[in-house]
Amino acid sequence: SQAKIRPGIKVGANYSTISNLDMDREWGLLIGALVHIDFSEFYTMQPEILYSRQGGKSTRAELESVAIDYITVGLSNKFFVKDTNFHFLVGSSLDFDFDDNFARLINDGFDDDVFFFDFAFFGGVGYEFDVGLMLEARYKHGTIEVFTSDFFSANENQLNDLFQFSLAYKFDF
């Protein structure tokens, strides 16, 4: 059968932190574009390109929060529950750091100490309304150490750790 392809837009929020650091979760923006490709009534593939603000809120008064701006290229695989608009999703993404405040916080702009990309996996749930509107909630976890320096000297990996909540709309041309 022929796949139905529908472009779309997405906006939402990240509730993120960096694992194994003394940081609280912090809210950040998520916005971008997607392509919704229906292969069957049970499976949809959804490539995405997004802007994603991640990081964490410092629990120490002398340090600022860490904010990392990523361009995210991801692939979401959606599996629909039979005869419903409810779905489960799993996928992965490659996140490219294009701006962060870490170097500014530590050494006044010299030597960027945030690794330039992250490879992450995610899973979640969602619901698609018949009018093209989609609601999704995901948990996403990075696999590559966020910092290239040992400033935060921890014995455990410091990875991106976040929840994403989004509202999307797929166009029907």
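The values are calculated or read from the model by the stated rules, or taken from the named source; none is laboratory data. Computed from a prediction, not measured in an experiment: that's the story for all the values here. Note that each Cβ is placed from the backbone with ideal geometry, even for glycine, and that neighbours are counted across all protein chains shown. With ligands, DNA and RNA removed, areas are computed over all heavy atoms of the protein, side chains included. Shrake-Rupley method; radii C 1.70, N 1.55, O 1.52, S 1.80 Å.
Things to note:
Here's the yes/no breakdown for (1) part of a strand (DSSP E or B); (2) touching a His at 6+ places or on another chain (Cβ under 9 Å); (3) closer than 13 Å to residue 134 by Cα:
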site: 2; (1), (2), (3): no, no, no
site: 9; (1), (2), (3): yes, no, yes
site: 12; (1), (2), (3): yes, no, yes
site: 16; (1), (2), (3): yes, no, no
site: 27; (1), (2), (3): yes, no, no
site: 36; (1), (2), (3): yes, no, yes
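- In the stretch 38-46 there is at least one residue that is of a type in the set (D, E, K, R) and touching a Ser or Thr at 6+ places or on another chain (Cβ under 8 Å).
- Extreme residue, nearest to residue 6 (Cα to Cα), among residues of the stretch 39-65 that are aliphatic (A, V, I, L, M) and more than 16 Å from the chain's Cα centre (by Cα): 45
- Cβ pairs under 7 Å, 6+ apart, first in the stretch 6-28 and touching a residue at least 24 places away in the same chain (Cβ under 8 Å), second open to solvent by less than 20 Å² (accessible area, probe 1.4 Å) and assigned to a loop (DSSP other than H, G, I, E, B): 18/146; 18/158; 19/158; 20/158; 21/158
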